[in-house]
Amino acid sequence: MSLQQTLKDLLEASLTPSPTVILFGLAFCLLAPILLHFLYSTATPYTTLPSVLLLGPPGAGKTALTTLFERGPLDLPLAKTHTSQVPSSIELSINSDDPSSASYKTNLDEAGATAKKFLLVDTPGHPKLRASSLARLNSAEPTIKSSLVSDGGAKSKIKAVVFMVDAAALADGDALPSTAEYLYDVLLTLQKRFHSRNGSRAPASMPVLVAANKLDLFTALPAALVKSNLEAELGRIRAARSKGLLDSGVGQDDLAAGEEGDWLGGDGSEKFSFAQMMEFDVDVDVIGGNVTGDGPGAEKWWKWIGERV
């Protein structure tokens, strides 16, 4: 039988209605799209962006800072914000060629710079809504499900934490304890994360920026005083919590171990300082600035973030 005759017979068989031809056609129509989707998704995997987690008490200026970085300087005053109920994310770009000299005001396209994208995740500051953010930090590879990530299984890796405080409110004795209490929980969560490592490999370091906001106000404390006041208050909280554990029957030796307890910082230290967190790969910086008004602005915060994403 010639090749031409064979091809003719195959063509006639394919055009002749039969159960075999119909089943083969249905299988091809159903399986071909699935196979193409699998090959395409394997060849082009989804890439998630690194993220920076923005924490802080209500009224510190987190949402205002997010708006400033997203839209740039505004001539009109920023709209009054309200307490967020869920985390919200914005996508930002930093000059990857020289992040230390970058500015959030720079148009990277016009400047011809290479842009590196990241997510800034604004979290709720209300005490009843903080547990979710703290839980995400208590893992060897902290991640967060961003509202900008379309892939249901994709999560963004947290590269740094920005804890925003109201430097003007901290001059009032009422605001300092509640602000320090939240910061204590954040730092303690990161400290426990260090102890939860598997084997000899330690989790990646987690830098923390305490952004002292509202330095444009006359009553605001300078960054150095914000740092010393927070350290002193964190020390008082540490002492109070350790006393509570001792009163509840926890032994002094168990308290000194501190790995799973509420003791923040180095063992045996009478005074707390942010430098003690370096023992747990948590580098804390305190930098002043402001979102609105005249003052140092937000440039130092932006540069700090750029150097860490």
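The values are calculated or read from the model by the stated rules, or taken from the named source; none is laboratory data. As the structure is a computational prediction, the values presented were derived from the model and not from experiment. Every residue, glycine among them, receives a Cβ derived from its backbone with ideal geometry; neighbour counts consider all protein chains shown. In case anyone asks, the SASA skips ligands and DNA or RNA and just uses the protein heavy atoms, side chains included. Shrake-Rupley method; radii C 1.70, N 1.55, O 1.52, S 1.80 Å.
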Kindly indicate whether residue 60 is within 26 Å of residue 215 (Cβ to Cβ), in contact with a strand residue (DSSP E or B) (Cβ under 7 Å, 6 or more places away or on another chain), open to solvent by less than 70 Å² (accessible area, probe 1.4 Å) and at pLDDT below 70. no
Of all residues making up region 177-228, the number that are within 16 Å of the chain's Cα centre (by Cα) and without any contact (Cβ under 8 Å) to a residue 24 or more places away in the chain: 0
Could you run through region 130-158 and say how many residues are closer than 22 Å to residue 69 by Cβ, modelled with pLDDT of 80 or more and not basic (Lys, Arg)? 3
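Give the residues of region 266-309 that are in a helix (DSSP H, G or I), farther than 22 Å from residue 60 by Cβ, of a type outside the set (A, V, I, L, M) and open to solvent by 70 Å² or more (accessible area, probe 1.4 Å), sorted by residue number.
Residues of region 266-309 in a helix (DSSP H, G or I): 274-280, 299-306.
Going one step further and asking which of them are farther than 22 Å from residue 60 by Cβ, we end up with 275-276, 278-280.
Next, only the ones that are of a type outside the set (A, V, I, L, M) stay: 276, 279-280.
Passing the criteria: only 279.
Given the criterion modelled with pLDDT of 85 or more, among the aliphatic types (A, V, I, L, M), touching a helix residue (DSSP H, G or I) at 6+ places or on another chain (Cβ under 6 Å) and buried (at least 21 other Cβ atoms within 10 Å of the Cβ), identify the matching residue among 170, 183. Can you show your working first?
On the way: 183 fails: touching a helix residue (DSSP H, G or I) at 6+ places or on another chain (Cβ under 6 Å).
Of the residues listed, the single one that is modelled with pLDDT of 85 or more, among the aliphatic types (A, V, I, L, M), touching a helix residue (DSSP H, G or I) at 6+ places or on another chain (Cβ under 6 Å) and buried (at least 21 other Cβ atoms within 10 Å of the Cβ) is 170.
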How many residues of region 63-83 are at pLDDT 65 or above and open to solvent by less than 70 Å² (accessible area, probe 1.4 Å)? The answer is 8
Only one of these conditions is not met by residue 241: (1) at pLDDT 90 or above; (2) open to solvent by less than 70 Å² (accessible area, probe 1.4 Å); (3) of a type outside the set (Asp, Glu). Which number is it? (1)
Cβ-Cβ under 8 Å pairs, at least 6 apart or on other chains, region 264-284 side at pLDDT below 90, far side outside any helix (DSSP H, G or I) and hydroxyl-bearing (Ser, Thr, Tyr): 265/273
Among 90, 94, which is open to solvent by less than 60 Å² (accessible area, probe 1.4 Å), modelled with pLDDT of 85 or more and in contact with a Gly (Cβ under 7 Å, 6 or more places away or on another chain)? 94
Exactly one condition in (1) over 21 Å from residue 64 (Cα atoms); (2) in a loop (DSSP other than H, G, I, E, B); (3) open to solvent by 30 Å² or more (accessible area, probe 1.4 Å) is not met by residue 216; state its number. (1)
